[in-house]
1. Determine ³J(HN,Hα), in whole Hz, for all residues of segment 28-36 in sequence, where each value follows from phi through the Karplus function 6.51 cos²θ - 1.76 cosθ + 1.60 and θ = phi - 60°; x replaces Gly and Pro.
2. Set Lys and Arg Cβ to +1 and Asp and Glu Cβ to -1, take the dipole of the chain about its Cα centre, and tell me which of THR252, GLN100, HIS298 lies farthest positive.
3. With +1 on the Cβ of every Lys and Arg and -1 on the Cβ of every Asp and Glu, and nothing else charged, how large is the dipole of segment 41-247 about its Cα centre, in debye rounded to the nearest 20?
4. Among the lysines, which have Cα under 24 Å from the Cα of LYS253 when same-chain residues fewer than 8 positions away are ignored?
5. Between HIS23 and ASP177, what length in nm is gained on full extension when 0.36 nm per residue of separation is reduced by their alpha carbon distance?
6. Could you compute the net charge surrounding PHE279? Neighbours are other residues with a C-beta less than 13 Å from the C-beta of PHE279; K and R count +1, D and E count -1.
7. From the Cα gyration tensor of segment 259-359, with a ≥ b ≥ c the square roots of its eigenvalues, which class applies: rounded if a/c is under 1.5, or else prolate if a/b is larger than b/c, or else oblate?
8. Measure nothing but the geometry: give the 0 to 90° angle between the long axis through the Cα atoms of 331-342 and the longest principal axis through the Cα atoms of the chain, rounded to 10°.
Amino acid sequence: MAMSVECECASFFDSLHQERRSHVLDQLNRELVLRNKVSMPDLLRNFPHLKGVPVFAVDGHHVEHAVHSPDDPKGEKVSANNLYLLCLHTGFMCNFGVVQGDGRHGHELPVFRGRLERQLSGYKARRGQHPPIFIGDPAFVDKVFWTRMAMTKVSARFITRTKANMKPIVYNSMAWDTTDPVNDGVEADEFVGIDGAMAMRRVRYRDPETGTRYEFLTSVDDFPPGLIALLYLARWRIEKVFDTTKNKLEETKGWAVGATAQDIRAHLVALTHNLLLLFRETLGREHGIKEEKVERKHAEQLREREEKAAASGRHVAPAQKLLPAVIQLTAQFVRAVRNGILGQVRLKDVLGSLRMAMFAYL
């Protein structure tokens, strides 16, 4: 018996180093997204400018190093970090590459830049097809790269926040439609130049709810300025997904050393997230089972925000109300699915417990 267990463990860890398996998982996740994206509700459906425009949040996610991970030159362990993309239309996620691990430090921008250029090099845009938009934190600012992207035939665009040390030169200030609710809070819409790069767009925005001021830098020049601010707000959805994978799916540590093993783990994390999203949507569509407790909580939170803002003479931005709530995968839902799988229970027999888990906090 002991020999059998040892053989199974050995086979498991051996499989984590096979590049073919990593490639298969990557393709499997892509096929899952491609086949099912039309069945998911469009989370950006209330904004006509975004129809047919691919929009992704991009960010890295750190987990604890694997047990046998080597040290860096200073004798310290290095967390495992992978880059992920989250589609803001569907909520589906994919692994975009290894950033660091196994005693090697790395930066997210070079990984993103290299992977994106490889993908775009074999991509042919069709007539009327919109270039994708990527939304990341200020670490993704690369003036030369995004200038080149804007000048290529198959381009990609970005939205981020300005860095404190940026000293842009304002070339032109533009008017915007102040009657459009999406522009509520916009204070300036400008074309600026930074260190010899092409003119980029800077949107200065003040949140009507809190009064906090923000500055956004973007190569997107055909959207209302308020929509630029709103899309950056939607970027935080990827942080919520990372919170779910860490605290509810308990994916907190690397499985084995090596970039292939790290990629396989990240592919499986994304695949698990996507399958759970798809299953939950199927429950709602075919069985009328939805995360009612979370929907009620979100509505109550919105009322509380409006009351608090009104007491200070402020208001919640209308565009934020048009952004559909992203219903997180709750711990009760994850637990009910896990128990059903481990118990090998038929779907029809687990519907009752799923309905209870999604109706009220137990």
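What follows draws every value from the coordinates through simple rules; no lab data is involved. Fair warning: this is a prediction, and the values are worked out from it, not measured in the lab. Cβ placement follows ideal geometry from the backbone for every residue including glycine, while neighbour counts extend to all protein chains displayed.
1. 4, 5, 4, 5, 4, 5, 4, 6, 10
2. Going by the Cα projections, it comes out as HIS298.
3. Details: 27 positive and 25 negative charges, 146 e Å.
Magnitude of the dipole: close to 700 debye.
4. LYS74, LYS77, LYS240
5. Details: separation 154, 0.36 × 154 = 55.44 nm, distance 4.71 nm.
Residue separation times 0.36 nm, minus the Cα-Cα distance, leaves 50.7 nm.
6. Values: positive: ARG280, ARG285, LYS290, ARG338; negative: GLU281, GLU286, GLU291.
Net of charged neighbours comes to +1.
7. Working: a/c = 3.01, a/b = 1.62, b/c = 1.86.
Oblate, because a/c is 1.5 or more while a/b does not exceed b/c.
8. So the inclination is approximately 30 degrees.
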